[in-house]
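Below you'll find the structure, written out as structure tokens, and then a few comments.
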Amino acid sequence: MRSSLFRRHRYDSSETEPLLQTVPSSSINYNEPAAGNNGAMAEVGVSQAVLVEPKEDNARKLPQYIAALSATLGAVAAGTMLGWSSPVVFKITQANNTDYPFDVSSFEGDWVSSLINLGAAAVCLPIGLIMDALGRKKTMLLLTLPFTLGWLLITFAPNVATLMAGRFITGVAGGAFCVTAPTYTSEIAQDSIRGSLGSFFQLMLTVGILFAYVVGSYTSVFVFNILCTIIPLVFCVVFFFMPESPNFLVVKGRSDEAREALIKLRGQNYDVDSELTNLQNKAEDAKNNPVSFLSSITKKTALKAILICYALMLFQQLSGINAVIFNTSSIFSSAGAAIPPAIATIIIGVIQVIATFISSVVVDKLGRRVLLLFSALVMCLCSTALGVFFFLSQTHGAEASIVQAISWLPLLSLSLFIIAFSLGFGPIPWMMAGELCLIDIKAFVGSTAGTFNWLLSFTVTSTFNLLNTSIGEGQVFWMFAGIMLVGFIFIFFIVPETKGKSVDEIQYMLGAKPETLRNASEKN
């Protein structure tokens, strides 16, 4: 059987499409000019189908929330993996380190911090094939094994090489969760709450980072590592009782099991048979109407969507966010801030959790484009302010009166930076592949964009301290500010607003011809 990445069908197991009600074609205006990036598309008719939401009022929501939260416990484990290096690497690279029976140089510390990115990048493509073969639930349960192995190697490492191996393996598990958990939550959710459930992963990821900041700052490295080892085991126990994705079960021809899963997720009073029939029809259509992957990915609309997805990942990582998260303690220590580095790090973590929660509430109200523009602008200003502080500290000395007078600036700037990132550039780039790309290229673009993101994260975190030494901390943050300025311009002129838009409307904004959309609608 050929890989689903290279032979795509008009079927996406992550979506449950609303019902279609046919209307007379005479009421549709296909010659309307395309709207601008932020133009309203409500008046532009680009399809012969009017989307009508299925009636879901009698479905139970609580089982879906429980299943989604259970799945995203894996995100907490991934978050501890990301936040681990901020309190721990700062400790173990000190001259008087007693947490490990070996010394860790600053250079080795950079590799210990950043190796998880290589592990995550290595797994992004194969994990899509694995979860399509084994199922979403079974794949996530099996990820408990590399997570546990990685944390055990980190906990009992006899040398730096073993510590690095443990970080790489936990990176593999964490990166795999970043693909599987969002897929699972999107497939079990009704349309009316898919956005809320989809935001759980990013939120729980920040909870895991905060856990690492708090516990890692006030316990020994050994105790902290043991607690991190327990989290994926708790996930395994809790998630074991959750149902498999109904979409996956239908694709595999296990319709009876899919019906049982839908009943568990929606309740006995929900019209399970209607949704199950819809899933079966899409699966059948996928078999009968294969679409060439090469022709799908070389279309003008697909190329523009790929450009936007990859560019947003580029700007997300080159904003310096992971350099900030991984090195928060070091930044505050070198800045000589009045607040102890551990407290400042925890404050940053709390702010990140709160801002991510707010983003999950407002993203469907304010829109993606507005939040991205706001995020880029504020992050640019904050990086500029940090650059000024470190430049003055480097030029005049940390004890200079002008530096002492603005000792509050690092905490304020980093706090606003995290807020802005969490509102826009944190969650939205991961959403755009699902919104801009059609079904036949969505999985490929999402996987490769994820790989690109983790590789960029590795590059930034592994070179952050080297850049600080070679060109100065102030100049590094000014470089990040310049990149975000370019990102702001790119978003303003290129990125469309996808809030509330149908698939046809989004493709129309990307440059699809109305006739093409009309023909696609007639075929469907």
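The values are calculated or read from the model by the stated rules, or taken from the named source; none is laboratory data. Everything numeric here is computed off the predicted structure, so don't read it as measured data. All Cβ positions, glycine included, derive from the backbone under ideal geometry; neighbour counts span all protein chains shown. For accessibility, only protein heavy atoms count, side chains too; no ligands or nucleic acids. Shrake-Rupley method; radii C 1.70, N 1.55, O 1.52, S 1.80 Å.
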Query raised in the report: Looking only at residues in segment 393-413 that are open to solvent by less than 30 Å² (accessible area, probe 1.4 Å), farther than 21 Å from ILE346 by Cα and assigned to a helix (DSSP H, G or I), which one is modelled with the highest pLDDT?
Result: SER393
Query raised in the report: Which residues, taken from segment 448-466, are farther than 22 Å from MET431 by Cα and open to solvent by 50 Å² or more (accessible area, probe 1.4 Å)?
Result: THR459, LEU466
Query raised in the report: Just wondering, is there one or more residues in segment 158-180 that are of a type in the set (Ser, Thr, Tyr), without any contact (Cβ under 8 Å) to a residue 24 or more places away in the chain and either in a helix (DSSP H, G or I) or more than 15 Å from VAL88 (Cα to Cα) (or both)?
Result: yes
Query raised in the report: Consider TYR218 against the criteria (1) modelled with pLDDT under 90; (2) open to solvent by less than 30 Å² (accessible area, probe 1.4 Å): it satisfies all of them except one. Which criterion is unmet?
Result: (2)
Query raised in the report: Which residue pairs have Cβ atoms under 6 Å apart, sit 6 or more places apart or on different chains, and have a first residue in segment 267-284 that is under 15 Å from GLU187 (Cα atoms) and a second that is open to solvent by 20 Å² or more (accessible area, probe 1.4 Å) and outside any helix (DSSP H, G or I)?
Result: LYS282/TYR11
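Rundown of residues vs (1) of a type in the set (D, E, K, R); (2) touching a strand residue (DSSP E or B) at 6+ places or on another chain (Cβ under 9 Å); (3) at pLDDT 80 or above, yes/no style:
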| residue | (1), (2), (3) |
| --- | --- |
| MET242 | no, no, yes |
| PRO246 | no, no, yes |
| ASP256 | yes, no, yes |
| ALA261 | no, no, yes |
| ALA305 | no, no, yes |
| PHE315 | no, no, yes |
| SER319 | no, no, yes |
| THR328 | no, no, no |
Query raised in the report: Among the numbered criteria (1) out of contact with any Phe, Trp or Tyr (no Cβ under 7 Å at 6 or more places or on another chain); (2) buried (at least 20 other Cβ atoms within 10 Å of the Cβ); (3) closer than 21 Å to PRO427 by Cβ, which single criterion is violated by ILE494?
Result: (2)
Query raised in the report: Which of the residues belonging to segment 275-299 are of a type in the set (Ser, Thr, Tyr), assigned to a helix (DSSP H, G or I) and at pLDDT below 80?
Result: SER295, SER296
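Inspect all residues belonging to segment 194-207 and state whether any of them is charged (D, E, K, R), open to solvent by 20 Å² or more (accessible area, probe 1.4 Å) and at pLDDT below 90. Can you show your working first?
Start the filter on segment 194-207 by keeping residues that are charged (D, E, K, R), which leaves 194.
Among the residues that remain, those that are also open to solvent by 20 Å² or more (accessible area, probe 1.4 Å) are: 194.
Within this subset, residues satisfying the condition of being at pLDDT below 90 are 194.
Yes, there is a match, as at least one residue in segment 194-207 is charged (D, E, K, R), open to solvent by 20 Å² or more (accessible area, probe 1.4 Å) and at pLDDT below 90.
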Query - Filter result (within 30 Å of ASP99 (Cβ to Cβ), open to solvent by less than 20 Å² (accessible area, probe 1.4 Å), under 24 Å from the mean Cα position of the chain (by Cα) and not polar (S, T, N, Q)) within segment 129-163 - result: LEU143, PHE147, GLY150, TRP151
**Report entry** Boolean, VAL223 is open to solvent by 10 Å² or more (accessible area, probe 1.4 Å), in contact with a helix residue (DSSP H, G or I) (Cβ under 6 Å, 6 or more places away or on another chain) and of a type in the set (Val, Ile, Thr)
**Finding:** no
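Output yes when any residue across segment 337-347 is open to solvent by 70 Å² or more (accessible area, probe 1.4 Å) and either within 25 Å of LEU381 (Cβ to Cβ) or modelled with pLDDT under 80 (or both), and no when none is. Show your work before the answer.
Narrowing segment 337-347 to residues open to solvent by 70 Å² or more (accessible area, probe 1.4 Å): 338, 340.
In the following step, the residues that additionally are either within 25 Å of LEU381 (Cβ to Cβ) or modelled with pLDDT under 80 (or both) were identified as 338, 340.
There is at least one residue in segment 337-347 that is open to solvent by 70 Å² or more (accessible area, probe 1.4 Å) and either within 25 Å of LEU381 (Cβ to Cβ) or modelled with pLDDT under 80 (or both).
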